[in-house]
Amino acid sequence: MGDVFKALADPTRRTILDELTDRNGQTLFEICGRLANKHGLASSRQAISQHLEILEDAGLVEARREGRYKFHFINTTPLEPIVERWLKPGKD
Amino acid sequence: MRINVTSVIVDDQEKALRFYADVLGFKEKTNVPVGEHRWLTVVSPEDTDGVELLLEPDAHPAARPFKEALVADGIPYTSFAVDDVHAEFERLRALGVRFTQEPAEMGPVTTAVFDDTCGNLIQIATPPTQ
C-alpha cells in the first residue's frame with residue numbers, strides 16, 4: 001500500500017479526486033477530458049495513467065473492469081485515519 | 001480536395017447498419033458488394049449530400065486489438081455533433097444504448113460517449129457555437 005499523503009501531495013492527483021467526487025466511475029478518457037478542458041492541465045494520457053496508479057497504490061482510487069470497459073472510483077477509506085487522529089474532538 | 005467519406009471499423013456490417021440506421025437515425029446511402037464485404041455508407045438525414053460514414057469491416061488482424069485498447073480506456077473512435085447532448089443521451093439510453101460517459105461539461109463543449117455495439121465507442125458533442 002502506497003503512502004496516502006504522498007499520493008495527495010500533487011495538485012493533479014487532488015484534481016482527479018475532485019472530478020471523481022463530481023461523478024464517481026469514470027473512464028481514463030473522461031478523466032483526461034475533464035483535466036484538460038475544465039482545468040487546463042496539459043498532462044499526457046500516460047502521465048494521467050501514472051497518477052491514477054499512484055492513487056490506486058494508496059487505495060484512494062479503485063479501477064474496476066465492467067465487460068470491455070474500465071472505470072475508476074474514488075475510495076475515501078484511507079482518509080478516515082486522518083479524521084480519527086486529528087479532527088475528532090474529545091478523543092484521547 | 002475535399003473530405004467526402006470517413007469511416008468506423010465495425011465487426012459486422014449488417015449489425016452496424018442496424019445500429020447506425022435504426023438506433024442512431026442515419027440513412028443508408030450506398031450498399032454495394034465489394035469482394036467479400038460491402039461498400040456500405042450512411043449519411044445524416046439532416047445532410048444527405050454531406051460526408052458519408054463508411055461502415056468498414058475490421059477484417060485486418062491489427063484492427064481488433066487496436067479497437068479493444070481504445071475501448072478499455074474509454075476512448076471514442078470518432079465524434080458526431082448533436083444539438084442537445086442531454087436530450088440525445090436520454091433518447092439513446094431509452095433505446096438500450098450503453099454509455100461509458102454520461103453527459104459532462106468539458107469546458108465549452110458538452111460530451112457523452114456510448115458503445116456502438118460493433119466494437120467502438122462514439123462521442124456525441126454539442127459544438128460551442130450552438
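Each reported figure results from applying straightforward, stated rules to the coordinates on display, with no laboratory input. Nothing here was measured: the structure is a model prediction, and the numbers come from that model. Here Cβ is always computed from backbone atoms with ideal geometry, including for glycine, and neighbour counts include all displayed protein chains.
Note on chain A: with a GNM built from Cα contacts shorter than 10 Å, the maximum mean-square fluctuation among A:GLY33, A:GLY25, A:GLY59 falls on A:GLY33. Each label was represented as a point 7 Å from its Cα along the Cα-to-Cβ direction; for B:VAL5 and B:ASP83 these points are 3.1 nm apart.
The Cα atoms of the protein assembly as shown give a gyration tensor whose axes a ≥ b ≥ c have a/c of 1.5 or more with a/b greater than b/c, which makes the shape prolate.
Highest GNM mean-square fluctuation, chain B, Cα pairs closer than 10 Å: which of B:LEU95, B:LEU55, B:LEU24? Highest fluctuation among the options: B:LEU95. Of all DSSP-defined beta bridges confined to the stretch B:17-130, some 85% are antiparallel rather than parallel.
Of all the options B:GLU36, B:GLU105, B:GLU90, the one that moves most in a Gaussian network model of chain B with Cα springs shorter than 10 angstrom is B:GLU36.
Could you pull out the longest piece of chain B with no exposed loop trypsin sites (Lys or Arg not before Pro) in it, calling a site exposed if DSSP puts it outside H, G, I, E, B and it has at most 15 other Cβ atoms within 10 Å? In short, B:3-97. Rg ratio for chain B: its Cα radius of gyration over 2.2 N^0.38 Å, N being its residue count, equals 1.05. When the stretch B:5-126 is described by a simple charge dipole with +1 on each Lys and Arg Cβ and -1 on each Asp and Glu Cβ, the residue from B:ALA59, B:PHE99, B:GLY25 located farthest towards its positive end is B:ALA59. Taking every DSSP helix (H) stretch of at least 4 residues in chain B, weighting each as -39,500 (n - 2.57) and dividing the sum by the residue count yields a mean residue ellipticity at 222 nm of -5500 deg cm²/dmol.
Consider a paramagnetic label point 7 Å from the Cα of B:ARG18 along Cα→Cβ; state which residues of the stretch B:49-87 have an amide N under 18 Å from it. Only B:55-58 pass the distance filter. For B:LYS29, the lysines whose Cα comes closer than 26 Å to its Cα, not counting residues fewer than 8 places off in the same chain, are B:LYS15, B:LYS67.
Computed from label points 7 Å out along Cα-Cβ, the spacing between A:TRP86 and B:PHE99 is 3.9 nm.
Specify whether the C-alpha gyration tensor of the stretch B:10-50 places it in the rounded, prolate or oblate class, a ≥ b ≥ c being the square roots of the eigenvalues: rounded for a/c under 1.5, otherwise prolate if a/b is larger than b/c and oblate if not. Oblate. Qualifying trypsin sites (Lys or Arg not before Pro) in chain A, where qualification requires a DSSP coil assignment and no more than 15 other C-beta atoms within 10 Å, comprise A:ARG23, A:ARG68, A:LYS91.
Overall, the anisotropy analysis places the stretch A:1-80 in the oblate class: the square-rooted eigenvalues a ≥ b ≥ c of its C-alpha gyration tensor yield a/c not less than 1.5, with a/b not exceeding b/c. Simple point charges give the picture: +1 on the Cβ of Lys and Arg, -1 on the Cβ of Asp and Glu, and for chain B a dipole about the Cα centre of about 180 debye. Placing dummy labels 7 Å off each Cα toward the beta-carbon, the span from B:VAL32 to B:ARG64 is 3.0 nm. The stretch B:1-42 and the stretch A:36-68 have Cα centres lying 35 Å from one another.
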